[in-house]
Amino acid sequence: MDFPDELRYSEEHEWVAVDGARARIGITDFAQDSLGDVVYVELPGVGANVMAHATCAEVESTKSVSEIFSPVTGTVVEVNEALNDAPEQVNADPYGAGWIFVVEMADPAEVDALLDAGGYRALVEEA
Amino acid sequence: MVDDIDGELDAAAQMAADETLLDDVAGGGPPVLRLYRWSRPALSLGRFQPVDDVDAPACRRRGVEVVRRPTGGMGLLHGGDVTYAVAMPRPAGADGSVDAVYRLLAGGLIAGLARLGVAAAVARHGGPAGPVCFAGQQGADLRVGDRKLCGSAQVWRAGALLQHGSVLVERLAFDETELLRARPGSPPVSRERLRAATVTLQELGAPTDPRHVAHALVEGFAEALDLDLSRRVGSTARRG
């Protein structure tokens, strides 16, 4: 299972790629594997205010409907509308084409509280 | 026999009752099991299933209520089934995965069905399917031979989960193939194909009295699960 070193991770199984004050967010390889075939992603609205560790979107697989949490606080500035037609990208390329939304962070220091790849790998292996 | 089944609510009220179970557990309440029937035939749609799948005039002609479930999955017709709902906290560690919870609850369902003389097994995962739940099989479902007997779906919220599902007891005079439209570019599911893909307790020669079925499922969950589901919600124990 792949957990890129350059990303940070939440305990709720989202990844974060930081670019300045912007955080690109998706669900991890572990999460997509656990969910199974993703058939729909309910994207957050652009302009929505999101709170760290609060739910802001949902993902449906052939097995379940689950919440997606924002790992950081801020404003949604971009969403991956390509997932409306191709939700399976979440499975096929969770860290690339399967990204879900981008947050303009209110406090970029929040990222420091997230797990690094080693910490997240340990969390997942514990599970 | 203990009355374990709740059959007096319409479709919207049944779904609201299940959502309440989930909210209660998410708020720290104990796990709970509910068994129910439907006061009249109803078509339930998955949480995000396109409404375009529904043939609304056909539903009106048949007097079928249409309701959206909080859980995922595709459309299915209720009326000839017994429905179960389990709300429980997310188990810790590896037991807290989607697959692990399906396996856990499948154990209860399989044990319950065994009490009715039915040897059910977990279905094979067929991947995304069309708009008719019972025309396809996922790893969440139960089969007898290759025919689907029980379809289940989940929603996870705030550290809790709701799984509910439908055990086919007998067939109605019509089915989902009359009520759900084929999607563009996909062939419609024929009535014959749906019948061949499914099986009912009646066809298996098992008991069909809903109270009997519900009681067997309650006992099956009690036998197979290390979960205290004693706070059942049925017609004799429904909360106001």
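Bear in mind these aren't lab numbers, they're just calculated from the coordinates by the rules spelled out. On a predicted model such as this, the values are computed, not experimentally measured, just so you know. Positions of Cβ are generated from backbone atoms using ideal geometry, with glycine treated the same way; all protein chains shown enter the neighbour counts.
For region B:1-101, what does the relative contact order come out to in percent, with C-alpha contacts under 8 Å and a separation of six or more?
35 percent
Using 0.36 nm per residue of separation minus the Cα-Cα distance, give me the extension gain between residue A:5 and residue A:46 in nm, one decimal.
The residue A:5-residue A:46 span can extend by a further 11.9 nm.
Spin-label point model (7 Å from Cα, Cβ direction): what's the residue B:51 to residue B:209 distance in nm?
Between residue B:51 and residue B:209, the label points sit 4.2 nm apart.
Calculated from DSSP H runs of 4 or more alone, at -39500 (n - 2.57) each and per residue, what is the 222 nm mean residue ellipticity of chain B, nearest 500?
-8500 deg cm²/dmol
Which shape class applies to the protein assembly as shown: rounded if a/c is under 1.5, otherwise prolate when a/b exceeds b/c and oblate if not, where a ≥ b ≥ c are the square roots of the Cα gyration tensor eigenvalues?
Verdict is prolate for the protein assembly as shown.
Let me have the relative contact order for chain A, percent, based on Cα pairs under 8 Å that are six or more residues apart. Intermediate results must be reported in sequence, preceding the final value.
Working: 287 pairs, mean separation 39.9, N = 127.
It comes to 31 percent, rounded to a whole number.
Label-point separation (nm) for residue B:23 and residue A:19, each offset 7 Å from Cα along Cα-to-Cβ?
4.0 nm
Expressed in nm to one decimal, what extension gain is obtained for the pair residue A:111 and residue A:53 from 0.36 nm per residue of sequence separation less their Cα-Cα distance?
Going from the current span to full extension adds 19.7 nm.
On the principal axes of its Cα set, how long, how wide and how thick is region B:18-98? Give whole Å, largest value first.
Here the spans come out as 47, 25, 19 Å, largest first.
Please list, in order along region B:133-145, the HN-Hα scalar couplings obtained from phi with the Karplus expression 6.51 cos²θ - 1.76 cosθ + 1.60 (θ = phi - 60°), rounded to whole Hz, x for Gly and Pro.
So the Karplus estimates, Gly and Pro as x, are 3, 7, 7, x, 10, 10, x, 7, 9, 10, 10, 10, x Hz.
Step by step: find N for chain B, compute 2.2 N^0.38 Å, then divide the Cα radius of gyration by it. What's the final number?
On the way: Rg = 16.6 Å, N = 240, 2.2 N^0.38 = 17.7 Å.
Computed over Cα atoms of chain B, the ratio equals 0.94.
Would you mind checking the tilt of helix B:11-26 against the longest principal axis of the Cα atoms of chain B, expressed as 0 to 90 degrees and rounded to 10?
Here the helix axis deviates by roughly 40 degrees.
Would you work out which of A:64, A:74, A:87 lies farthest towards the positive end of the dipole of region A:19-96? Charges go on Cβ: Lys and Arg +1, Asp and Glu -1.
A:74
Tell me, in nm to one decimal, what length is gained between residue B:192 and residue B:146 on full extension, where the rule is 0.36 nm per residue of separation less the Cα-Cα distance?
Result: 15.0 nm gained on full extension.
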